[in-house]
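Report on the structure given below.
No lab work stands behind these numbers, since they all come straight from the coordinates. Bear in mind the structure is a predicted one, so any value in this text is a computation, not a measurement.
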Amino acid sequence: MRYMVIESREPQNINAFYERFDKRGRMLPSGLKYIDSWRSLALQTC
């Protein structure tokens with residue numbers, strides 16, 4: 001079974017998001033496997 005996770009964030013929080021990502025990684029729940037990701041041009045949706 002596949003799931004799609006949609007993340008959205010405010011433009012002013014983008015730096016904080018990527019800082020957390022650099023420190024903690026994807027933070028996937030146990031058993032979930034990362035396959036690929038896409039981003040919107042405005043970087044508000046992933």
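What do you get for the angle between helix 14-24 and the principal long axis of the chain? Use alpha-carbon atoms, 0 to 90 degrees, nearest ten. Helix 14-24 sits roughly 40 degrees off the main axis of the chain. For the chain, the direction-averaged projected area of the alpha-carbon convex hull comes to 3.6 nm². Look at the alpha carbon pairs under 8 Å that are at least 6 residues apart: their mean separation over the length of the chain gives a relative contact order of 58 percent.
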